[in-house]
Structures are given as C-alpha cells and as structure tokens.
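Working notes, beginning with the structure itself.
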Amino acid sequence: MRVLLTEMRRGEAKWAAALMAAVGVYYFTAESPADSDWIGWWPQTSLKVQLFAVIVMGSVMSAAAAWGAGRSFRHRTRPWSDTAARGGWSQALLFWLAAWLWSLTAYALFVAVAFSRTAAVSDVTEPAWTPLLLGASMMALQIAAGVALGSALPSRAVAPFAGVFWYGLFVAVAFVPGTPLDKLFPAIDEFWSSEFAPNTTRMLIAATWCLTAALALTALPALRRHAALTPRPVPLAALALVALTAGSTLVSLRTPVPDSYWAVRKDQPAHALCATSGTTELCLWPEDRHLLPEARAAVKTVDTKLGSLTGLNRAFYASGLKRPPGATAELPVMSPAESEATLTDALFSAALPQPEPANCAPHPLRETGGYPDTFLFEAAVRTRAGAPSEYYGEKFGHALERVTRAPHAQRDAWLDRAAERIRACRPVPELPR
Amino acid sequence: MGNGPKAVAVAEGVTVRYGTTTALDGVSLAFPPGVTGLLGPNGAGKSTLLSLLSTARKPRSGTVTLLGEPATGRLRVQRLRHRIGVLPQSFGCYPRFTVLEFTEYAAWLRKVPAARRRERAREALRLVQMERYADRRMGALSGGMLRRVGIAQAVVNEPALVLLDEPTVGLDPAQRVGFRALIKELGDRCAVVMSTHLAEDVAHVCDRVCVLLDGTARFTGTVAELCALPASGDTEISGTAVEAGYLHLAGAAAAAG
C-alpha cells in the first residue's frame, strides 16, 4: 500500500490527472443549464462524464502512464529491476494502478460536479451508474495500453503516441460508427432523452472486457523479460479468456436500428405526468417532473390559442410514452432545459394532423406556388394562434391571407375540414374566397 | 578456491557467448562468505559472471548454484532472488523518490513483507550511514551518497549474497575510502562478490580474489596469495603488491597466448 502511495505521489500521472481535473471541472461548470442537452437528465449526465473521461482524460492519462512506465529506460534502472524477485507483471501493475487511481480521483470530481449540476435542475435523483462504470473501465484499458507501450519500448515517443493513438481511434470510430471498434472501445456520444435507460447488461459486459483486457495487457511486456519475471501462465490465460469471451460477445450483439447499442427503451411508467388545460393535455416522463411548470404554461397557451378548432391533435405524449388511440401526437422533448416558449412551439407543431397512411404523398397546391398543402395548413394554424411560422414567398403569402383574412367562422370551418382531409391523405378544400 | 561446503555461490564450467565473442569460457569458481574480489581488465567477463550469479542471465553451458540450490527453474530462481542483493555498474534511480521511498521500493521489488519494509529500509540506510538523508530526493544526492543508497537497496532484503559491480567507480578518493570500509563491514554479514579493476580496492576490502582474463579464471585464492606470486616478490598486502601479482598473471597469460 505504501509503495502504491509513493508511486502515486512521485509518478507523473498525478500532474496529468491534476491538469485533466482542472480542464474537466471547467468543462462541466461552464455550460449554462438553459442551453444544455444534459444538465437535468441523469443518464445523459453520466454519458457526458463518460465521454469526456474516455476521449480526453483517458488519452492524456494513457500518455502519462506510458511516460511513467518508460522511466526504467530513462533512468537506467532496468538492469537492477531485472534482478528483482517481484515479477514484471507486478511491476507494471503498480504503474497502472497508480495512474488509474489518479484518473479515478479526477473522474470522481467530474461526477460530483456534473451530478450537482443535474441535481440542481432535476426534481428526481436517479443517477445512472453503469455508463460511469464503463468509463472507469475504459480508462483502465487506455492506461494499461500506455503502461504496456512504455514498459516494452525504450523510445520517449511512445508517450505522445499512446495519447494520439487513443484520441485518433475515438475520432475514427465517431466518423465510422457501427464497427466492432465502436463496441470494443466505447466513448458513447449519444442523445438519450427520458425514454432511454442504459443497457446495463451490455455495459457490464463491456466493463468486464475493458478491465480484463487491461490486466492482461499489463502482463505483455513482462513476457519479453527474464524468465523469472514472466507472468504465471494460468492467471494470464484465464484473464485473456475472459477478455476474449466478453469482447466477442460485445461484437456479436446486434441492435435493431434506430435504437442505440448502449441503451434500452424504458418500461412505461405507472403514471405519466400530465398537464391539462381545457381540451389540451401534455404527458411527460416522471423523470421530467422539473418541466411540469413550463408544460402547464405551454399547454394553457396552446389550448387558448387553438380554441375550438377540431381535427387537430390536442393530447401530446413525450417520445416513448404509450399513446391512446385517437387524435394524439408524440412530442419529442429534446432538452432537459425546455422552456415554455420551446414547448409551446413544439406543441403547435405536434398539434398538426398527420396523414393516417404512412406512405401518403404530399399534395402540391397551385395557389401556394407548388408547396404542399400541409405547409399552408400549418402556417394558417400558426398565424391564427399568433405563433411564428415559416415564410415561403409572396404567392404563398397571398394564399395564406385568403385563409387568415376570411371571416373567423369561415376560416375555422376551413381549418377543421382541412385537418380531416389531411388525416385522410386527401388535398385540402378550396381556399376561402 | 575449491567448491567447499561453505560456498554461497558456485559456478561450474560456465560458458557465455555474445554472438561470436566468448565472454566466459568454462569458468568454475566458488564464493564463500566474506568479500571476494573479481579482478580483471575491461571485457574480462566480470560483469557477465556477476549477471550469472544474480540470475539475470543463464549460461550457455555449465551450472550456477546459489545458496545450495541450482539457479534454474522460474519459481526456484524467484525464491533465490529473495536472498540476493545486486548493485549494477550503472546504478540508476528515480530522482523524484526520497531516499527512504526508493529503498522501500527496492524492498518491495525484493518481496520483503509489507509489515517489515519500512523497518528494513531504515535499517539498510542506517547501515550505510544515510539515515539522516532519508527524506532527501534521490536526484539531490552526490555520487558517493548514491552509491551508498545503492548498497542499502542491495541489502534491504537481508541477502545471503551481495553482488557489487564496480562499486567504487566514479568516487573521489575520500568517498572511496569510506566505501571500502562499508563493503568490508558488509562482508562480515554475508557473502559479497565485488568486481573491480582497481587493485587498491582488492587490497583494502577483499578476503579472497579471483583474477579473470579473457573469459577464463587465471587465479583464485586469498589476497595474500596473489601478492606472494613470484613476480611480485611482495609479502605485504597493498595495492602495489596486488597490482604486481595481477600483472604477473596478465604477463603469463599474454606469453601463453
């Protein structure tokens, strides 16, 4: 234990970890909750920490570990340590453990900072631990690779090489997703709204793969050293076998598109969280309880603005929630920091009827200059509600005015009939005169 | 020097080759307790012989027996290494470690039990009179101090056999005198095999001496016996006498060659 503490105190890994801690704390504190896509969502928060730790800190710590492990070449201690009673694997494991513990210290700091930010926004406390476990394990593998390189090769260039190698690997994987590398070296850059939860089984398999591969990797340089320093074959073979099994299991697992490899859809909640006003209702996942005040205000606005219009969707369900049959719509909640304005806008869009046949072809409208009639319908609904809408040119504007400047009763009757026709995949009725 | 029962280390007919160069050619030697000097010019095979005794290298042919056991087999060699201390010729260290930390690290490498590591490290530093520098960084030590820490790490596991490769190289005269006393004291505790090309070291420190020339052992015996070789004509043990004995052997070897 004392030797480990000495190694931690005197090794280069502590400086790398301190630098990463400073960079990471800045990264996790600099973002505004109002613009964030993770502050307020626990799984997304864990993913963010995992991603930063693996791509940035893991690469740097791998380089630091390679540099530290190469000290026996730099300081000419190899002739001396080659006569040791302790095996080469143990010697490498000491470096690995020291660097990993420093990484975990910085990692714990990131977790504390990121979790505190989410806790300040979210009304529930449901941290997702498995992405964090996976991040810690992946860093263990990255550091082990650094130690293996540094212990095996006398060149000082191995340290920057180790860092660049990992960073480059993650960049390459990001550009070519869906490869086995993506599964074996996970840096999960995904967006999970409240309908998703971590795939615990896969993450535990991946953590097993990373940790066993890391331990086995640290043994490799010792295989090239004096026979008395070589690792015992049985534990090494056992580790390699577990790593191989876990790794090949990960590679062989498939996920139906468009779901994520690392996430599963959550079970339906016992009670969805709903905000109702008049005939308009919005239901959210219980995890998004903190959005309820904004949801209530948005629902009230939408209900007032849509008024007595029929044919539009008036019941909205956050993505992933089971919807009852009828005029209901899915509402994608894209951020844990949705405001009343963004929710209102999303509700207006979701209120528009969708054609029942999924393969319904658009109906271009001559009066709008060839734009689909659904465009005109949406613009008319939005204009009626006083909400901003897209501008498609003068001709389109004239057509829109024919709807919106018509007497209210005539306008609303046109909108009601148009909604029914759009749902039935038919062209909208003739525009009011 | 025969293979008496008291020998701590024995090499029998060992041959080592580096490519086409023969570093040791059928050398048979035994090392009893006390300080034994390996005397010879550069390239004579001294360091190679020490590497065999430290189990860092295996002979191409012949056998090495340490502490009564053949130095073969992974587990046996690991067990033997518990009881061997080594100070290589180019002794590197980790400059950021303190003296105590470094000695403890050496104890860890030698598998000294965790509960005894600190105590053993302090004892070893006390032996080499470096205890008061225990908290000083290794990078801040002078050459002489560094050599003392080198001895401390070599004895931290209470070895039965200590191997020192050119331990006085690079030391100033005052440091060398102090260092010889230290090695002499070490010889009272365990068997010490010390390679050197300095006749003075042999004269002042060693109980026995082995002269290696061109990979073969040309002389084994007490220092007095080396000094009394006919060509030296000396009866007193001194650096000059050792040197004369050595030159006699070297001359004889050259004439034979």
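A:ARG225 meets all of the listed conditions (1) assigned to a helix (DSSP H, G or I); (2) within 14 Å of chain B (Cβ to nearest Cβ); (3) in contact with a helix residue (DSSP H, G or I) (Cβ under 8 Å, 6 or more places away or on another chain) but one, namely (1).
Take A:THR212 and decide whether it is open to solvent by 40 Å² or more (accessible area, probe 1.4 Å), at pLDDT 95 or above and not hydrophobic (A, V, I, L, M, F, W, C). When the stated conditions are applied, A:THR212 does not pass them. Inside the range A:413-431, residues that are free of Cβ contacts under 8 Å to residues at least 40 places away in the same chain, in contact with a helix residue (DSSP H, G or I) (Cβ under 8 Å, 6 or more places away or on another chain) and open to solvent by 10 Å² or more (accessible area, probe 1.4 Å) make up a count of 1. Out of A:THR245, A:THR255, one residue alone is at pLDDT below 90 and assigned by TED's automatic domain parsing to the domain that holds A:VAL124. It is A:THR255. Filtering the range B:133-150 to residues that are in contact with a Leu (Cβ under 9 Å, 6 or more places away or on another chain) and either modelled with pLDDT under 90 or away from chain A (no Cβ under 14 Å) (or both) leaves B:TYR133, B:GLY143, B:GLY144, B:ARG147, B:ARG148. Taking the residues in the range B:72-120 that are small (Gly, Ala, Ser) and under 25 Å from B:LYS46 (Cβ atoms) as candidates, determine which candidate is nearest to the other protein chains (Cβ to nearest Cβ). The extreme case among them is B:GLY92.
If the condition is being in a helix (DSSP H, G or I) and within 12 Å of chain B (Cβ to nearest Cβ), then the range A:65-75 contributes A:GLY68, A:ARG71, A:SER72, A:PHE73, A:ARG74. The condition of being over 28 Å from B:LEU146 (Cα atoms), open to solvent by 10 Å² or more (accessible area, probe 1.4 Å), modelled with pLDDT under 85 and of a type in the set (S, T, N, Q) holds for only one of B:THR240, B:THR216, B:THR220, that being B:THR240. Listed by first and then second residue, the pairs with beta-carbon distance under 6 Å, at least 6 apart or on different chains, first residue in the range A:76-102 and within 12 Å of another protein chain (Cβ to nearest Cβ), second open to solvent by 30 Å² or more (accessible area, probe 1.4 Å), are A:ARG76/B:SER90; A:ASP82/A:HIS226; A:ASP82/B:ALA56; A:THR83/B:ALA56; A:ALA85/B:HIS82; A:ALA85/B:LYS111; A:ARG86/B:LYS111; A:GLY88/A:ARG225.
For the range A:9-46, the set of residues classified as within 14 Å of A:ALA65 (Cβ to Cβ), at pLDDT 95 or above and open to solvent by less than 40 Å² (accessible area, probe 1.4 Å) consists of A:ALA16, A:ALA17, A:MET20, listed by residue number.
Among the candidates A:VAL264, A:VAL242, the residue that is part of a helix (DSSP H, G or I) and open to solvent by 50 Å² or more (accessible area, probe 1.4 Å) is uniquely A:VAL242. Of note, B:LEU109 satisfies the criterion of being modelled with pLDDT of 90 or more, crowded, with 22+ Cβ neighbours inside 10 Å, out of contact with any strand residue (DSSP E or B) (no Cβ under 7 Å at 6 or more places or on another chain) and not aromatic (Phe, Trp, Tyr).
Looking across the range A:166-191 at every residue that is aliphatic (A, V, I, L, M) and open to solvent by 50 Å² or more (accessible area, probe 1.4 Å), the one that is nearest to A:LEU217 (Cα to Cα) is identified as A:LEU181. Considering the range B:171-233, the qualifying helices (runs of 4 or more DSSP H), each wholly inside and each with 2 or more residues that are touching a Ser or Thr at 6+ places or on another chain (Cβ under 7 Å), run over B:173-187, B:199-205. Criterion applied to A:ALA112, A:ALA53 was being without any contact (Cβ under 8 Å) to a residue 12 or more places away in the chain, within 21 Å of A:SER36 (Cβ to Cβ) and either open to solvent by less than 20 Å² (accessible area, probe 1.4 Å) or assigned to a helix (DSSP H, G or I) (or both), and the one residue passing it is A:ALA112.
Selection of helices (runs of 4 or more DSSP H) fully inside the range B:61-153 by the criterion of at least 3 residues being among the charged types (D, E, K, R) returns B:74-81, B:114-127. Look through B:VAL149, B:VAL205 and report the one residue that is under 12 Å from the mean Cα position of the chain (by Cα) and either closer than 22 Å to B:LEU249 by Cβ or surrounded by 24 or more Cβ atoms within 10 Å (Cβ to Cβ) (or both). Within the list B:VAL149, B:VAL205, the selection yields B:VAL205.
Here's the yes/no breakdown for (1) within 30 Å of A:LEU292 (Cα to Cα); (2) open to solvent by 10 Å² or more (accessible area, probe 1.4 Å); (3) not in a helix (DSSP H, G or I):
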| position | (1), (2), (3) |
| --- | --- |
| A:ALA63 | no, yes, no |
| A:ALA99 | no, no, no |
| A:SER103 | no, no, no |
| A:THR125 | yes, yes, yes |
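B:LEU127 meets each of the listed conditions (1) in contact (Cβ under 8 Å) with a residue 12 or more places away in the chain; (2) crowded, with 19+ Cβ neighbours inside 10 Å apart from (2). For the range B:156-170, a residue qualifies if it is open to solvent by 10 Å² or more (accessible area, probe 1.4 Å) and not in a loop (DSSP other than H, G, I, E, B), and exactly one does: B:ASP165. Annotation note: Cβ proximity below 7 Å between a residue of the range A:229-243 that is within 14 Å of chain B (Cβ to nearest Cβ) and closer than 24 Å to B:VAL77 by Cβ and a residue that is assigned to a loop (DSSP other than H, G, I, E, B) and among the charged types (D, E, K, R) (sequence gap 6+ or interchain) occurs for A:LEU229/A:ASP82.
Taken as a whole, the range A:144-165 holds no residue that is under 18 Å from the mean Cα position of the chain (by Cα), at pLDDT 90 or above and open to solvent by less than 40 Å² (accessible area, probe 1.4 Å).
The values are calculated or read from the model by the stated rules, or taken from the named source; none is laboratory data. Keep in mind that this is a model prediction, so the values were computed, not measured. As a convention, Cβ positions derive from the backbone with ideal geometry for all residues, glycine included, and neighbour counts pool all protein chains shown. When the accessible area is computed, the model is the full protein with side chains, heavy atoms only, and any ligands, DNA or RNA have been set aside. Shrake-Rupley method; radii C 1.70, N 1.55, O 1.52, S 1.80 Å.
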